[in-house]
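Below: one structure, written as structure tokens.
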Amino acid sequence: MQKRRRRVDFTNSWMFGRVMTDESICRDVIRAVLGIEAVRVEYLNAEQVLDPSPEGHGVRMDVYAREGGSEERVYDLEMQAQREPLLGKRFRYYQAVLDVRELPAGDDYDRLPESFVVFLCSQDPFGYDLPVYHLERRCDEVPELRLGDASHWLALNARAWEDAPGGDLLDLLRYAQTGKALGSLSRKIEAAVGRANEDREWVDKVWSVSTIVENAARRERINGRIACEEAREEGRQEGREEGSARFATLASRLIEAGRVDDLAQAASDPARRDELFRELGV
């Protein structure tokens, strides 16, 4: 019996980044999500995305792109396949990375380009069953007063794809949630996913990184069950799901920073794990 080949799907962050390095697809997704016709897209981290090595250094963004010309804009497009309890802080962090990258020392703030940070989430990030959350900074006392800082945050909820306005946005969210390529955009993406899966060396690297994270999360779930049993003996109970989600967030942070050794220590050493929880604010 022939062994079934492993496949990397679109919702894997490495696959998402690789597919989006196709400039035509990236422009189509930007148009679907933001309604912007990006004339040209320049990638700032394509090499990092195409080499899924856990030993890589620095912050790994899924898609960090710039559109030049008279309307200069920068885009950070992220895939969020797991529940992220600190999504707001992730928005804040990625915005800071964009701004530091785009404003050279000594330049005035008017040199900051318009920016968009977009998370495509496979689960509803805020629990209001909306397909799209537009998150803008404004004044609590005067709701119509907006800061006008030219930065925009969007969270897409693939689970609510049926309530999307229609067209390519609905097609994109439906594909992310169900894997069904029924529209022109999703078929284009699915074709790119298929081509990427033919690169077996790259697929093996992605699976290697994913295995590191999954094994670490599995050890944490075991540790969580043990801790829960011990807690019951002392009259205290803590949710295992909360502990597992917390460790998944920690693992994601460490992988992004290329700290695979710290991830391995966190999986086997509770004291080191607590240190990293405190260090990264998880």
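The values are calculated or read from the model by the stated rules, or taken from the named source; none is laboratory data. Since the model is a prediction, treat every value here as computed from it, not as a measurement. Positions of Cβ are backbone-derived with ideal geometry, glycine not excepted, and every protein chain shown enters the neighbour counts. When the accessible area is computed, the model is the full protein with side chains, heavy atoms only, and any ligands, DNA or RNA have been set aside. Shrake-Rupley method; radii C 1.70, N 1.55, O 1.52, S 1.80 Å.
Mind listing the long-range amide H neighbours of Ser115? Cut-off is under 5 Å, sequence gap 5 or more, other chains count too, H placed in the peptide plane at 1.01 Å from N. When sequence neighbours closer than 5 places are left aside, the close amide H contacts are Val74, Ser151, His152. Between Leu120 and Glu78, Met79, Gln80, Leu156, the built amide H atoms are under 5 Å apart, and every one of these is 5 or more places off in sequence or on another chain.
Using r as the Cβ-Cβ distance of Glu198 and Glu42, and R0 as 22 Å, what FRET efficiency do you calculate, to the nearest 0.05? Display every interim value, and only then the final one.
Numbers: r = 26 Å, r/R0 = 1.20.
That gives a FRET efficiency of 0.25.
Remark on Val132: its backbone amide H falls under 5 Å from those of Asn157, a criterion applied only to residues 5 or more positions apart or on other chains, H modelled at 1.01 Å from N. Using a 1.4 Å probe over the heavy atoms of the protein chains, calculate the carbon and sulfur portion of the accessible area of segment 119-198 as a whole percent. Exposed carbon and sulfur together represent 51 percent of the surface.
To the nearest 0.05, what FRET efficiency results for Ala96 and Phe126 with a Förster distance of 25 Å applied to their C-beta separation? Mind showing how you got there, number by number?
On the way: r = 21 Å, r/R0 = 0.85.
Taking R0 as 25 Å, the efficiency between Ala96 and Phe126 is 0.70.
Given a Förster distance of 41 Å, report the FRET efficiency between Thr178 and His134 from their Cβ-Cβ distance, rounded to the nearest 0.05.
Numbers: r = 24 Å, r/R0 = 0.59.
My answer for the efficiency is 0.95.
Couplings 3J(HN,Hα) of segment 83-97, computed from phi: 5, 10, x, 10, 4, x, 6, 5, 4, 4, 5, 5, 4, 4, 4 Hz, in residue order, whole Hz [Karplus 6.51 cos²θ - 1.76 cosθ + 1.60, θ = phi - 60°; x for Gly and Pro].
Ranked by accessible surface with a 1.4 Å probe, highest first, in what order do Asp108, Asp124 come?
Order by accessible area, largest first: Asp108, Asp124.
Each residue of segment 198-207 was assigned a 3J(HN,Hα) from its phi angle through the Karplus curve 6.51 cos²θ - 1.76 cosθ + 1.60 (θ = phi - 60°); the sequence is 6, 7, 5, 5, 5, 4, 4, 5, 4, 5 Hz, with glycine and proline shown as x.
Under 13 Å from the Cβ of Lys180, count the other residues' Cβ atoms, weight Lys and Arg +1, Asp and Glu -1, and hand me the total. Don't jump to the answer; show the numbers that get you there.
Numbers: positive: Arg174, Arg187; negative: Asp9, Glu162, Asp171, Glu190.
That sum, taken over residues with Cβ under 13 Å, equals -2.
Here the Karplus relation 6.51 cos²θ - 1.76 cosθ + 1.60, evaluated at θ = phi - 60°, turns the backbone of segment 116-126 into coupling constants of 9, 10, 10, 10, 8, 9, 7, 10, 5, x, 10 Hz, with x for every Gly and Pro. The heavy atoms of Arg31 offer some 80 square angstrom of accessible surface to a 1.4 angstrom probe.
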